[in-house]
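There's a structure below that I have some questions on.
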Amino acid sequence: MNKNFRNAVLVAAMGGALLTTGCATRIKASSAQNPPPKEAFATYGRIEIKPVVFKAGYAGDASGLAKIDENFRADLAESLARWNQRPANGRTLVIEPVIDELSFKHGAKRVLLGPLAGSSGVLMHVAIHDASGAVVANPEFFQRADAMGAGFTFGAHDNLMLTRVGKLAAGYVMANYDTAVGGPTGADDKAVAR
């Protein structure tokens with residue numbers, strides 16, 4: 001009986017390990033901190049925000065992309081309107097958010113499978129350049145929703161991940177408006193690729 005119990009515990013531990021390793025997102029950030037842009041964004045008379053898109057050749061979840069775009073634009077709307085009321089100085093800053101990777105578990109998959117659906121994750125970079133195409137900054141932003149947390153909240157954490165990544169990107173733009181200071185990517189140590 002003792003041998004059977006030990007074997008059952010061993011099989012359960014191995015099965016649990018297999019389930020949890022399959023749940024982790026493989027999406028990783030390159031760093032925990034974004035460097036400052038080449039100059040503060042206030043040196044530009046106009047700031048133009050492009051829609052969030054997937055990188056060329058990447059097919060991701062369109063509803064996740066739309067939610068990130070909505071959050072990013074909403075967070076910047078008031079500041080952008082104020083910034084663009086200043087007198088034009090002939091310089092335009094173009095901000096182009098691009099999703100490199102998106103794993104967004106939602107809907108029936110999340111509700112029915114819970115944590116077994118796996119973690120969600122998003123990696124987005126924001127190409128910031130002047131009107132001629134000269135790069136001013138290229139920060140990246142990362143967020144994830146842990147499989148267990150997202151599974152037991154029926155996807156609320158997955159949706160909040162989309163809100164958080166949009167807020168991080170908008171926060172970088174606002175923080176670097178007056179002074180070039182950089183900002184966080186949103187990744188912790190275990191989310192940075194080694």
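Assess whether G60 counts as being part of a loop (DSSP other than H, G, I, E, B), surrounded by 13 or more Cβ atoms within 10 Å (Cβ to Cβ), modelled with pLDDT under 95 and in contact with a Phe, Trp or Tyr (Cβ under 7 Å, 6 or more places away or on another chain).
Details: part of a loop (DSSP other than H, G, I, E, B): yes; surrounded by 13 or more Cβ atoms within 10 Å (Cβ to Cβ): yes; modelled with pLDDT under 95: yes; in contact with a Phe, Trp or Tyr (Cβ under 7 Å, 6 or more places away or on another chain): yes.
So G60 fits the description; yes.
Can you pull out every residue in the range 174-194 that is at pLDDT below 95, of a type outside the set (D, E) and assigned to a loop (DSSP other than H, G, I, E, B)?
If the condition is that a residue be at pLDDT below 95, of a type outside the set (D, E) and assigned to a loop (DSSP other than H, G, I, E, B), then T185, G186, A187, A193, R194 are the ones that fit.
Residues to consider are N71, N4; find the one that is buried (at least 17 other Cβ atoms within 10 Å of the Cβ) and either in a helix (DSSP H, G or I) or modelled with pLDDT of 95 or more (or both).
Exactly one residue qualifies, and that residue is N71.
Results for (1) buried (at least 20 other Cβ atoms within 10 Å of the Cβ); (2) among the small types (G, A, S); (3) at pLDDT below 95; (4) not in a helix (DSSP H, G or I), shown as yes or no for each residue.
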residue	(1), (2), (3), (4)
A81	no, yes, no, no
E96	no, no, no, yes
V111	no, no, yes, no
V122	yes, no, yes, yes
Q143	yes, no, yes, yes
D158	yes, no, yes, no
Y172	yes, no, no, no
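The values are calculated or read from the model by the stated rules, or taken from the named source; none is laboratory data. None of the values given here were measured: they were computed from a predicted structure. In this analysis, Cβ positions are derived from the backbone assuming ideal geometry, glycine residues included, and neighbour counts consider all displayed protein chains.
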